[in-house]
Amino acid sequence: MRAKIILILILFLAAILRIYYLNKIPNSLYTDEVSQGYNAFSILKTGRDEHGSFLPVSLRSFGDWKPPLPTYIMIPFVFVLGLDENAVRLPSAILGILSLVLAYQLVLSLFPGRNYKLALFTSFFLAISPWHILQSRSAMLVMIAFFFYISAVYYFQKGLHKNSFFILSFLSFSLSIYSYYGLRIIAPFTIIFLLLFYRKNINFLSRGFVFGVIAGLVILLPLAINLLQKPDVVLGRAKTVSIFYDQGIKLRKWELITKDGLANPLLTQFFHNNYFLYTRDIVRRFLSHFDGKYLFLQGDTVDPFRIPSMGIFYLIDSLFLILGAYKLYESKSQSKYILLFWLIIAVVPSALTFITPASNRSFNVIFPLILFIALGMTSVSKRIILSCAVSFIYIISLVYFLNQFFINMPLNHADWWRYQLKETAKYAISHEKKYQNVVFLSNYEMTYVYILFYSRYNPERFQNEAVRTHVADPFGFEHVESFSKYIFYNDLNWKDIKDNRLPNSLYVVPLSQSGEETDYTKLINYPDGKAAFKIFL
Amino acid sequence: MRYYVLLLLFIFSLLSRFYLLNTVPPLFDAQIQILRLSSAVLNILSIFLLYIYVKKTLNNTKIALLSAWVMATLPWVLEQGRIYSYASNSLFFLLLFLLFWISLNNLLARFILLISFFITLYFSYPNLWIFKTMPVLDHPIIFINNLFNLLSPDNLFFRNFTFWWGGVKEVGVMYILLFPFLIFGLLEIINHRRYKLLYPCLFILFLSVVSPSFPESREFYFITPFLALTVAFGIYKLFLKGIQPLFILIFTALITYEIIQFFHYYYIHYPQDIISNKSNIKDPF
């Protein structure tokens, strides 16, 4: 009973940290969030996404083919709250809070014997985790995927005692596959691992297990049909961010072979072959996710997953993480093998991409890492003075994080979340009636989707009006060239067109192109006063 | 049996340290030639000192042999053993000091030994920052940042940055395949309460982390015998748990391939890198 009361208090704290000012911090929806929000709106109103596809299994979006479930989950929120920031972010926030309950339950099932303290510590450290809070406060897919994944593993554990829970487990595994591309690797391997690990404890012919497998497969049926129709779509953006798509290794191989000057091609092949170079690269990228500097000091360096001047964990976590990992190693519990597997498989999808370490793609690894911290903490929590000192350091760390996340980031790093696009879109929407055209020179930014989102543009009209490139840019994205009176120039520079402007048109020009020009009508600024866009007539 | 292994290790060390010693890496100053020779000799002796040290500390010949093997093949040890390196030469004296230290029980004798070691270190490694300047530590975060950098997987297994223009940048301190054994060895050392083995590491880490020349903290090189020992401990303990012969075979094949890859890079690409970086190299080595 006492444990449940503490858990409720932890959930209350988690809810505050995740829901307070959800629409304002981070201070703009990121491009992917806006896209999902508008597509949810579009499906709600027309049954079709922005491209006109009826109830799509993969959302084409910017040509990156987003997994659909996070968008579908948004639909009831958009229906109730209207199309706004809260409707987009609430699903992640709510599932983020609920994942704490699942983590609590999962720890109890992995470490039987009333291990309430460990379970509570796990929930608590997840509740205050900068990484978990960041992902809960943004609709960047992975929180939804994490919720279904942890739920799948938890119900699998329960299924070992009561077969009917296998149905929930396999359903959750299937739903996780619809939530994030990484799970298309993680979930199948986890199922195989769990089936092998518990092969002696599972009644494979039980009704619960058989129905579970069938239910999971039925849920996956639309994806399988989609796979047969469009094989490329199933891996979506994962293809264009993969290390095999990147030219880095190929160029390095060419450079080494050229420098070798060996006459024997077999010998050259022996030393400089794809197997060695790619394996080495994958292992390097895999291990980079466990670099102390990334975890505890610097964090992710890619927008929007950055937290100013801190890692994705608190610095003090490093001590307890090491201690906890050792405690787990010396424990007799068989669950340590599950956690070791989780630790490895959760990072594999990220290690196969060329921007590493990536906190977004490796988010599922948060559970074993937080569990290590919790384990480390349980071993010192009996010493009162030490506990007080550690608690004090954690309070200071939390306050520092809150300052960085809620005050510093919105003020000084608004561009990380594309605040400038939101403000520009709002300005353009409010002034569009006066002009014949609104022209954006946007440097490959997806400004069009902000216009759609903040004007709540009629989805049916957009599906008919949009003029698209349907050709991927160097980063693998497709663009909208125009709709209604909005025109988006990605390849043209302001210097080249400013003397041949369209009549009665509003021009939105990024600072990188407009330089020192002063004859602008309006300046769109970041919250810290720095200019982002100049508006010209 | 162990003498045969030691003899093989000796032959391997001789060949790997002396083959093309004056041309790889390219020699920019003829006077360095003799210094390279002494470096190579001390480097080989260090390997055998480590063998004796581990054997005396753990009373286990197999771990001692494994440690010596790992040490002899470590990319960084090979690189430093073939150039005129203060760090490499001083490592020999450090191991000698540790060997005497464990043999002595008298406090006064140990104190005299410690003083003697620092005097030797002063002459063998005159550039060592503790003899010249104060540590640079403007902010505690810098200390932690440096620590994480030195212990990063990137530095340990992929890109050793401690000797940027002159070192072999394509590989780390050790081979990637040794990673699981390093972790396992570390956990086993703690599990067996053999903390003492790792005490010198703390001092070396501190010395490297607060070094004013960071990231070029060549002092970090002193950690190599302890890394070798930890890896050897891991290999030994893992094999004791009853590893399948097939696994041993695969591991042996893969580590051999990785070592061959290193030698290829060392003899073909490393000299090319050195020549192209010649303008950035201040002191000949």
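Tabulated data for the structure shown
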read-out	value
Distance in nm between pseudo-label sites at A:Ile384 and B:Ile119 (7 Å out along the Cβ direction from Cα)	5.3 nm
Dipole magnitude of the range B:168-285, debye to nearest 20 (Cβ charges: Lys/Arg +1, Asp/Glu -1, about Cα centre)	380 debye
Solvent-accessible area per residue, Å², over the range A:418-536 with all protein chains present [probe radius 1.4 Å]	48 Å²
Listing of the range A:273-308 residues, each with accessible area lower by at least 40 Å² in the full protein assembly than in the chain alone (probe 1.4 Å)	A:Phe276, A:Arg280, A:Arg284, A:Leu287, A:Asp291, A:Lys293, A:Leu297
In sequence order, calculated HN-Hα J values of the range A:76-87 (Karplus, 6.51, -1.76, 1.60; Hz; x Gly/Pro)	x, 5, 5, 5, 7, 9, x, 7, 8, 4, 4, 5
Trypsin sites (Lys or Arg not before Pro) within the range A:95-153: DSSP coil, no more than 14 neighbouring Cβ in 10 Å	A:Arg114
A:Asn525 long-range amide H proximity, modeled H, under 5 Å	A:Ala532
Relative contact order %, chain A, counting alpha carbon pairs below 8 Å whose residues are six or more apart	16 percent
Contact surface B-A: accessible area buried, both sides summed, square angstrom, 1.4 angstrom probe	2500 Å²
Accessible-area value, A:Phe270, 1.4 Å probe, nucleic acids and ligands omitted, Å²	90 Å²
Listing of the range B:120-151 residues, each with accessible area lower by at least 20 Å² in the full protein assembly than in the chain alone (probe 1.4 Å)	B:Ile141, B:Ile144, B:Asn145, B:Phe148, B:Asn149
Label-point gap, in nm, between A:Lys434 and A:Leu502 - each point 7 angstrom along Cα→Cβ	1.8 nm
Gyration tensor (alpha-carbon) shape descriptor, chain A, a/c threshold 1.5	prolate
Virtual paramagnetic centre 7 Å along Cα→Cβ of A:Val210, amide N under 20 Å, in the range A:156-171	A:159-171
Heavy atoms of B:Thr61: accessible area, 1.4 Å probe, square angstrom to 10	40 Å²
Rounded, prolate or oblate (a/c below 1.5 giving rounded, otherwise prolate when a/b exceeds b/c) for chain B by Cα gyration tensor	rounded
Pair A:Ile396, B:Asn22: separation of 7 Å Cα→Cβ label points (nm)	6.0 nm
The range B:242-260 and the range A:255-298: distance between their alpha carbon centers, rounded to Å	19 Å
Percent of beta bridges antiparallel (DSSP, the range A:418-536, rounded to nearest 5)	60 percent
Accessible solvent surface per residue of the range B:130-197, calculated while the other protein chains remain in place, 1.4 angstrom probe, Å²	47 Å²
Nearby lysines by direct alpha-carbon distance to B:Lys169 (threshold 29 angstrom, same-chain neighbours under 8 apart not counted)	A:Lys250, A:Lys253, A:Lys259, A:Lys293, B:Lys132, B:Lys278, B:Lys282
For the range A:288-381: rounded, prolate or oblate by the Cα gyration tensor [a/c cutoff 1.5]	oblate
Nearest-20 debye value, chain B charge dipole, Cβ charges on Lys, Arg, Asp, Glu	820 debye
Nonlocal amide H pairs with A:Asp64, under 5 Å, H built at 1.01 Å	A:Glu478
Lys/Arg +1, Asp/Glu -1 at C-beta; the range A:418-536 dipole; positive extreme among A:Ile451, A:Pro510, A:Gly476	A:Ile451
Cut-off under 5 Å, modelled amide H: who pairs with A:Phe440 long-range	A:Ile487, A:Phe488, A:Tyr489, A:Val508
Among beta bridges that DSSP assigns inside the protein assembly as shown, antiparallel share in %, nearest 5	65 percent
Magnitude of the charge dipole, the range A:38-178, Cβ model with Lys/Arg +1 and Asp/Glu -1, debye to 20	420 debye
Accessible surface of the protein assembly as shown, 1.4 Å probe, proportion on carbon and sulfur as whole %	66 percent
Backbone HN-Hα couplings from phi across the range B:121-137 [Karplus 6.51/-1.76/1.60, Hz, Gly and Pro as x]	4, 4, 7, 7, 9, x, 7, 4, 4, 5, 8, 10, 8, 9, x, 9, 9
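The values are calculated or read from the model by the stated rules, or taken from the named source; none is laboratory data. All figures in this text were calculated on a predicted structure; none of them were measured in a lab. When we count neighbours, we look across all protein chains shown, and the Cβ atoms used for this are built from the backbone with ideal geometry, even at glycine. Remember, those area values only see protein heavy atoms, side chains included, never the ligands or the DNA or RNA. Shrake-Rupley method; radii C 1.70, N 1.55, O 1.52, S 1.80 Å.
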